[in-house]
1. Filter the range 200-213 for residues that are outside any helix (DSSP H, G or I) and of a type in the set (Ser, Thr, Tyr) and give the result.
2. Might you let me know whether the range 190-199 holds any residue that is under 27 Å from residue 246 (Cα atoms), among the acidic types (Asp, Glu) and not in a loop (DSSP other than H, G, I, E, B)?
3. What pairs come out if I take residues in the range 167-188 that are without any contact (Cβ under 8 Å) to a residue 40 or more places away in the chain and pair them with residues that are surrounded by fewer than 16 Cβ atoms within 10 Å (Cβ to Cβ) and of a type in the set (A, V, I, L, M) whose C-beta lies under 8 Å away, six or more apart or interchain?
4. So which residues in the range 167-189 are in contact with a Pro (Cβ under 7 Å, 6 or more places away or on another chain) and not in a helix (DSSP H, G or I), if there are any at all?
5. All but one of (1) modelled with pLDDT of 95 or more; (2) surrounded by fewer than 17 Cβ atoms within 10 Å (Cβ to Cβ); (3) touching a strand residue (DSSP E or B) at 6+ places or on another chain (Cβ under 7 Å) hold for residue 194, so report the exception by its number.
6. When you check residue 245 against the structure, is it among the charged types (D, E, K, R) and under 18 Å from residue 108 (Cα atoms), yes or no?
7. Among the numbered criteria (1) buried (at least 23 other Cβ atoms within 10 Å of the Cβ); (2) among the aromatic types (Phe, Trp, Tyr); (3) touching a Leu at 6+ places or on another chain (Cβ under 7 Å), which single criterion is violated by residue 231?
8. Of the residues that sit in the range 237-253 and are touching a residue at least 40 places away in the same chain (Cβ under 8 Å) and assigned to a helix (DSSP H, G or I), which one is farthest from the chain's Cα centre (by Cα)?
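The values are calculated or read from the model by the stated rules, or taken from the named source; none is laboratory data. Bear in mind the structure is a predicted one, so any value in this text is a computation, not a measurement. All Cβ positions, glycine included, derive from the backbone under ideal geometry; neighbour counts span all protein chains shown.
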Amino acid sequence: MSKVLNEKTTRVPISEGTQERIRTLAKKFGYQPSILARALKTKKTEIVGVLVLDISDPYYNTVLYEIDRTLDQYKHRLLLSSAHQSPRREELYIEMLQSKYIDGILIIGGPHPSGNRALQELKRTRVPVVSIGERWTGPKIGCVTINFASGGFKATEHLIKLGHRSIAHIAEEAPLLNVKTREDGYMSAMNKYDLSEQCSVQRSNKTAEGGYRAMKKVLEHPRVPSAVFCYNDIVALGVLRAIKEHDLRVPEDIAVIGFDDLPTSAYYEPPLTTMHVFQSKSGKSGVELLMRMMKKEITNDKDIQIEPEIVIRKSCGFEE
């Protein structure tokens with residue numbers, strides 16, 4: 001019975017009719033295989049813990065969908081938690097996931113830079129861990145990262161090549177590495193083209209409201225920039241509204257470029273030029289890397305980096 005319900009092969013083949021009768025009886029009497037009992041026998045639960053730094057961020061929707069889809073192909077299930085950008089909650093959830101007899105952990109958007117005692121403890125217990133989207137500088141873990149510095153450089157250089165010299169950057173206020181590296185890319189491009197004196201960075205949270213408020217401050221300056229590079233597409237939505245309320249036009253008066261290439265960015269008014277970061281590829285690569293680590297095919301310090309690509313739309317002046 002357990003072989004059928006756990007979809008395991010047997011030495012003597014069991015007919016489809018018998019298998020169906022077993023499943024019908026199990027459903028009738030509410031029988032569920034014991035994950036703990038199976039784990040004690042096989043040392044595996046076929047469950048992967050997934051910890052998201054901030055589940056409210058729409059960027060992670062596609063990543064999570066691809067993680068779930070890919071785990072299903074490996075006949076694994078996910079146990080999902082969100083840290084809501086709190087390092088303490090992140091530590092608590094890592095400790096909780098460790099106690100659930102999971103086979104591995106995927107951390108999306110983190111680990112949080114404010115410290116990770118629990119993550120170091122995980123490394124001592126040899127639970128495979130992969131970080132998606134953020135490189136971890138502490139204990140060696142698997143990483144699938146986006147080259148955010150390159151993306152920031154490409155976005156800024158695109159604006160410069162369109163003739164812009166005064167370019168503002170709306171950066172997130174959270175102390176995450178991918179925030180700093182996008183800003184580093186912006187600064188690097190401005191320095192390369194001898195425009196460092198034209199640099200202007202305004203901090204915002206990662207919401208449309210944050211982008212709106214940040215852009216209102218930018219527009220209060222005596223010298224209004226001719227272009228804006230936004231930390232993400234959600235921030236760019238607020239930026240577009242602030243520009244419109246100031247009776248300025250995009251892209252005629254101010255060009256705007258975002259980051260992430262969310263599905264909705266093509267339907268902004270005007271459609272948003274942005275950096276595509278391959279969320280689906282990140283999720284799939286993260287699961288595949290974790291599976292190889294769980295099978296001990298590779299070491300736990302493998303690093304995969306994905307290069308973002310620009311998607312040109314009308315917010316910077318492109319006409320179809």
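1. Filtering the range 200-213 for residues outside any helix (DSSP H, G or I) gives 200-207.
Correct list: 200, 204, 207.
2. The initial filter retains those residues of the range 190-199 that are under 27 Å from residue 246 (Cα atoms), namely 190, 195-199.
Next, only the ones that are among the acidic types (Asp, Glu) stay: 197.
Keeping just the survivors that are not in a loop (DSSP other than H, G, I, E, B) gives 197.
Checked the range 190-199: at least one residue is under 27 Å from residue 246 (Cα atoms), among the acidic types (Asp, Glu) and not in a loop (DSSP other than H, G, I, E, B).
3. Correct list of pairs: 183/201.
4. The answer is 167, 168, 175, 176.
5. Of (1) modelled with pLDDT of 95 or more; (2) surrounded by fewer than 17 Cβ atoms within 10 Å (Cβ to Cβ); (3) touching a strand residue (DSSP E or B) at 6+ places or on another chain (Cβ under 7 Å), only one is false for residue 194: (3).
6. no
7. The number of the failed condition is (3).
8. Applying the filter and picking the extreme gives 240.
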